[in-house]
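Remarks on the structure that follows.
The values are calculated or read from the model by the stated rules, or taken from the named source; none is laboratory data. Treat the numbers as computed from the prediction; the structure is a model and nothing was measured. As a convention, Cβ positions derive from the backbone with ideal geometry for all residues, glycine included, and neighbour counts pool all protein chains shown.
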Amino acid sequence: MVMTRPEIKTTVPPPDFSRMLRSDLWRLFVSLGVLFAVVMSLVAVLDNESAGGSTGDGVLEVRLSEMKIEPAVLRAEADAPISIKVSNVGGAAHNFAVTGHGATELLSADQGATLDLGPLEAGTYEYVCEISGHKEAGMKGELVVGGGTAGSGNAMSPEEMDRMYLEGVEAFPAKTKGLGGQRMEPKMDGATKVFDLTADETKWEVAPGDVRSGMAFNGQIPGPEVRVKQGDRVRFVFHNSLEESSSIHFHGVNVPNGQDGVAGLTQDIVGPGDSYTYEFEVPNAGTHMYHSHMNGATQIPMGLLGALIVEGPDEPAVDVDASIVLNDGPLGFTLNGKGFPATQPVAAKPGQRIRLRYMNEGLQGHPMHLHGMEQLVIAKDGWELPQPYRADTIWVAPGERYDTIVEARPGLWAFHCHILSHAEGPEGMFGMVTVVAVQ
Ligand SMILES: [Cu+2]
């Protein structure tokens, strides 16, 4: 069977979101929004009655995660001792510092600490995570000392919450600068498919107005999607325009050892300004990835990754073939390099078969949940499953890939990570949320 993927993205007309927003999506999200607002105002009431932002004895609480500190504003009395209870609820290490007045040690995931500041004069103090890049990525807030009522700094009225929630939904799918994962056509050198990949620092608009520092292959996050056939001879010419060294690993491809991309182990380091060429025959089909293999916990979350899809001789026939690259870190929680409402919908017509290819390049697992339709899981890490199984939530651990087939049912189906702090907050949906639009 032959896959029909290459034509799909262009032959399925983009969904008419203005009409959808006036009808189904609007009703769906308004009802969800009202429910969410009710739940969150209950939470706010309970929270104020227990801990809240300030307990009256000067103990404040903050939560650290990628890439924010909640609440964004803390209030405390002037000239009274201030203690801040810090919990790292994220998946990466962070610390908490009130600039110039004290800091916790580095807290790994699920660790906590209490920062005792003593009394402070009335005024506004900045707090941040001191790990390089984390403040810029959003991990900052304000401690307001004095000036009247102490209380939870981020309390919003239910009306404000509804308004912010709906603003996000109405903006979807929001236009942002830059589109990652665009299919890259090879240059041919005889029978060899040649792909040029240049790594460079970039500014990347993750969501409308949210421009962050990233690292990109060919200016795209994720890098260009490379699609070849099993048995093809391929050459990747890597140019390193970063200010640090790097290399490229072809994750999931059973390459000859010398082409495995691990600096110091199988090749020389590729320094700033240097180039390196990889060449091999692709022995195994499947949904694979290419990514940096130096300073990986920084370079990959910042964007040095891409889909590497190898088509076998006997692929299932599908109408839509969509790569879903998951990532987390300095760019926030992203699907194909964007956070809601700038994520792109997966569009199909009723009855069509959609192939979803999940690739997790992040530092955390993401259980991707599709509303309304089961997914037939046909492959793990590019290997065909002897016994496909059905599921609606696909847990994708870092480095894993899953391929699933969905029979499209009419409707606008929410599709999101079900670690809900990766997808929704008091200000509405963000991050790993999109829609499978079947109409
Ligand atoms: Cu997640």
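When the residues of segment 425-437 are narrowed to those that are out of contact with any Phe, Trp or Tyr (no Cβ under 7 Å at 6 or more places or on another chain) and part of a strand (DSSP E or B), which ends up nearest to the ligand (Cβ to nearest atom)? Step by step, filter segment 425-437, then rank; the result is Gly425.
Is it the case, given these coordinates, that Leu331 is free of Cβ contacts under 8 Å to residues at least 24 places away in the same chain, out of contact with any Leu (no Cβ under 7 Å at 6 or more places or on another chain) and either assigned to a loop (DSSP other than H, G, I, E, B) or surrounded by fewer than 23 Cβ atoms within 10 Å (Cβ to Cβ) (or both)? For Leu331, the condition - free of Cβ contacts under 8 Å to residues at least 24 places away in the same chain, out of contact with any Leu (no Cβ under 7 Å at 6 or more places or on another chain) and either assigned to a loop (DSSP other than H, G, I, E, B) or surrounded by fewer than 23 Cβ atoms within 10 Å (Cβ to Cβ) (or both) - is not met. Residues that are under 18 Å from Ala207 (Cα atoms), over 13 Å from the mean Cα position of the chain (by Cα) and crowded, with 17+ Cβ neighbours inside 10 Å are absent from segment 377-395 altogether.
Of all residues in segment 98-109, those satisfying the criterion of being surrounded by fewer than 19 Cβ atoms within 10 Å (Cβ to Cβ) and in contact with a Leu (Cβ under 9 Å, 6 or more places away or on another chain) are His101, Gly102, Ala103.
Confirm whether Asp162 is surrounded by 16 or more Cβ atoms within 10 Å (Cβ to Cβ), of a type in the set (D, E, K, R) and closer than 25 Å to Leu412 by Cβ. Criteria met by Asp162.
Looking across segment 278-328 at every residue that is without any contact (Cβ under 8 Å) to a residue 60 or more places away in the chain and assigned to a loop (DSSP other than H, G, I, E, B), the one that is nearest to Ala207 (Cα to Cα) is identified as Asn295.
Residue-level check: of (1) hydroxyl-bearing (Ser, Thr, Tyr); (2) surrounded by 20 or more Cβ atoms within 10 Å (Cβ to Cβ); (3) free of Cβ contacts under 8 Å to residues at least 60 places away in the same chain, Ser275 misses just (2). Within segment 241-275, the set of residues being assigned to a strand (DSSP E or B) and of a type in the set (S, T, N, Q) comprises Ser246, Gln267, Ser275. Being touching a His at 6+ places or on another chain (Cβ under 8 Å), within 15 Å of the ligand (Cβ to nearest atom), in a loop (DSSP other than H, G, I, E, B) and of a type in the set (A, V, I, L, M, F, W, C), is that true of even one residue in segment 407-414? No - not one qualifying residue is present in segment 407-414. In segment 149-164, the qualifying residues are those that are more than 28 Å from the chain's Cα centre (by Cα) and modelled with pLDDT of 50 or more, and the one that is nearest to Val62 (Cα to Cα) is Ser157. Scanning segment 113-141 for residues that are in a strand (DSSP E or B) and either surrounded by 15 or more Cβ atoms within 10 Å (Cβ to Cβ) or touching a Phe, Trp or Tyr at 6+ places or on another chain (Cβ under 6 Å) (or both) returns Ala113, Leu115, Leu117, Tyr125, Tyr127, Val128, Lys140, Gly141. Those strands (runs of 3 or more DSSP E) of segment 361-405 in which 2 or more residues are within 16 Å of the ligand (Cβ to nearest atom) and closer than 27 Å to Pro330 by Cβ occupy 366-370, 393-396. Of the numbered criteria (1) free of Cβ contacts under 8 Å to residues at least 40 places away in the same chain; (2) within 11 Å of the ligand (Cβ to nearest atom), the one His418 fails is (1).
Yes/no matrix, rows are residues, columns are (1) in contact with a Lys or Arg (Cβ under 9 Å, 6 or more places away or on another chain); (2) modelled with pLDDT of 95 or more; (3) part of a loop (DSSP other than H, G, I, E, B); (4) surrounded by 16 or more Cβ atoms within 10 Å (Cβ to Cβ):
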position	(1), (2), (3), (4)
Gly181	no, yes, yes, yes
Val194	yes, yes, no, yes
Ala199	no, yes, no, yes
Lys203	yes, yes, no, no
Val206	yes, yes, no, yes
Val211	yes, yes, no, no
Ala216	no, yes, no, yes
Val226	yes, yes, no, yes
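Checking the stated criteria, Tyr358 turns out not to satisfy the condition of being part of a strand (DSSP E or B), away from the ligand (no atom under 14 Å from the Cβ) and hydroxyl-bearing (Ser, Thr, Tyr).
For every residue, the table says whether it meets (1) more than 16 Å from the ligand (Cβ to nearest atom); (2) touching a Phe, Trp or Tyr at 6+ places or on another chain (Cβ under 6 Å); (3) closer than 17 Å to Val226 by Cα; (4) among the charged types (D, E, K, R).
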residue	(1), (2), (3), (4)
Asn284	yes, no, yes, no
Tyr290	yes, yes, yes, no
Gly306	yes, yes, yes, no
Asp319	yes, no, no, yes
Ser323	yes, no, yes, no
Gly339	no, yes, no, no
